[in-house]
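Nothing in this text is a laboratory measurement; each read-out follows from the coordinates by a stated rule. Not measured: the values here are computed from a predicted model. Virtual Cβ from ideal backbone geometry, glycine too; neighbours counted across all protein chains shown.
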Amino acid sequence: MKGNCSKLHRWDGSALALIKDRVSLTDPERTREIIEKDLTLDCDGSGGSGTQEKSPGTETIGDIQIEVIYDPAIPDAGPPTITNDHNHDLIVTDFDNETATFWLIEYPDGTGVAIHAFVSEVGSAEITPNEEIKKTFTITPTGAEGGFIRSNDIVNETLPGTPAAPVNYYSS
């Protein structure tokens with residue numbers, strides 16, 4: 001499979017919006033906490049077994065990084081000739097509004113993952129003479145129950161309404 005044929009979609013609750021002009025994309029790394037139990041502290045005369053038990057703990061789903069050839073135009077803004085079907089404005093609006101939704105990474109063979117996430121970073125534009133303007137965004141999973149789905153047909157996957165986002169401990 002060629003990476004340049006992969007796609008990123010944003011779910012708005014009823015339809016998928018394709019994020020266009022993508023340069024690069026990293027799908028989320030999945031890691032698991034390791035819980036260790038040290039058995040060498042046994043108080044019997046043998047001094048314990050000298051082994052350490054390990055078991056799987058909480059799973060962590062990493063961030064998605066996306067770099068696009070940036071189109072800052074906002075649809076329907078200014079003269080009627082301004083259009084933007086790249087959907088980069090959706091990413092910025094999600095950041096501004098603190099919106100969490102499903103983001104789908106579709107691989108060329110139709111498989112992929114859906115992650116319930118929010119835009120945690122809108123990077124600065126990379127402006128280089130004689131090159132297209134590029135911008136990087138970071139999309140961070142919420143960790144909500146049901147917020148990570150793997151599928152063999154990701155764009156036709158039935159997505160849950162909106163999983164309950166984790167509690168925001170900073171809001172009053």
Placing each pseudo-label 7 Å from Cα in the direction of the beta carbon, residue 145 and residue 99 end up separated by a distance in nanometres of 2.6
In nanometres, what is the gap between the two model label sites at residue 55 and residue 29, each 7 Å from Cα along Cα-to-Cβ?
2.7
What is the packing order of peptides 118-129, 5-16, taking the mean over residues of other C-beta atoms within 10 Å and listing the highest first?
5-16, 118-129
Lysines with Cα under 26 Å of residue 37, excluding same-chain neighbours fewer than 8 positions away:
54
Round to the nearest 0.05 the FRET efficiency obtained for residue 130 and residue 153 when R0 = 35 Å and r is the Cβ-Cβ distance.
0.25
Which lysines, on any chain, are close to residue 20 with Cα under 20 Å apart, when same-chain ones fewer than 8 places away are left out?
2, 7, 134, 135
